[in-house]
Amino acid sequence: ISFSTDPYNNTIRIDLGSTDGIEENMAVVSPLGLVGRVSRVAPFYSTVELITNMDPGNAESNAISATVRGKEDASFGIIDTYDREANVLIMSKIELEDPLAVGDIVVTSGFGGIYPPGITIGTVLSRETKKFGTITHTAEIRPAADFSPLRLREVFVVEVPKP
C-alpha cells in the first residue's frame, strides 16, 4: 500500500497485519522472486524490509543462506550485502570447490528459519576470489525481483512450516 522514497530505508507497507496472521520475520516474495521479510507488524498492516536493505554492518539486517537450483547438495553461500551502485547482491563464503557458476539461479537454502528453501533470489553474474587470497569466493547476484515502486505491485507472505 506504500513504498518508502528514502533510498536508505528500503521498505514497503502491505495491507496485511497481525489480524491476518502475519508475524515478524515471515518471508515476502513477488511472482519473480524474493523481496524481503516482515520487519514490523501492526493489526492491519505490516512493514517489509526489502533485501536491497542488507548491510553486514547493520545488526538488524538478516543475511540469507543460499544455494544453487539443481546443485542444492553441492553449493552454499551467504548473501549479506546489497551493492546499490551496481544493483547486485553479494554472496560470500562460497567454498573453492563449490560448483556455483555464472548464469546459475540462486535460491534460498532454508537454513536460518526465515526463508523457506527454493525461493528464487537471482542469477549469478560473476564469481571471484576475495582480495588477499582468502579461502572462499564471492559472487555477484542480479536480483530476480524488480524493486521499482511502479513494478512491485503484488507480494506474497510465506509462512515457514513449524516442525
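When the distances between all Cα atoms of the chain are binned every 5 Å from zero, what whole-number percent does each bin get?
2, 9, 19, 22, 20, 14, 8, 4, 2, 0, 0
Please work out how much length the chain gains when fully extended from Leu150 to Ser126, using 0.36 nm per residue of separation minus the C-alpha to C-alpha distance, in nm with one decimal.
Gain in length upon complete extension: 5.8 nm.
Report relative contact order for the chain in percent, whole number only (criteria: Cα-Cα under 8 Å, sequence separation at least 6). Walk me through the numbers before you get to the answer.
Values: 388 pairs, mean separation 34.6, N = 163.
Relative contact order of the chain: 21 percent.
Semi-axes of the equivalent ellipsoid of region 47-86: what are they in whole Å, largest first, if each equals the square root of 5 times a C-alpha gyration tensor eigenvalue?
Equivalent ellipsoid semi-axes, largest first: 23, 11, 10 Å.
Can you tell me the dipole magnitude for the chain around its Cα centre, using point charges on the Cβ only (Lys, Arg +1; Asp, Glu -1), in Debye to the nearest 20?
My answer is approximately 140 debye.
Need the C-alpha centroid separation for region 1-63 versus region 68-86, integer Å.
Here the answer is 20 Å between Cα centres.
Normalising by the residue count of region 75-163, find the relative contact order in percent from Cα pairs under 8 Å and 6+ residues apart.
Numbers: 156 pairs, mean separation 22.8, N = 89.
Relative contact order comes out at 26 percent.
Would you please calculate the Kirkwood hydrodynamic radius of region 21-116 over all C-alpha pairs and express it in Å, rounded to one decimal?
14.3
Each reported figure results from applying straightforward, stated rules to the coordinates on display, with no laboratory input. Predicted, not measured: the structure shown is a model, and the values here were computed from it. Note: ideal-geometry Cβ built from the backbone for every residue, glycine included; neighbour counts use all protein chains shown.
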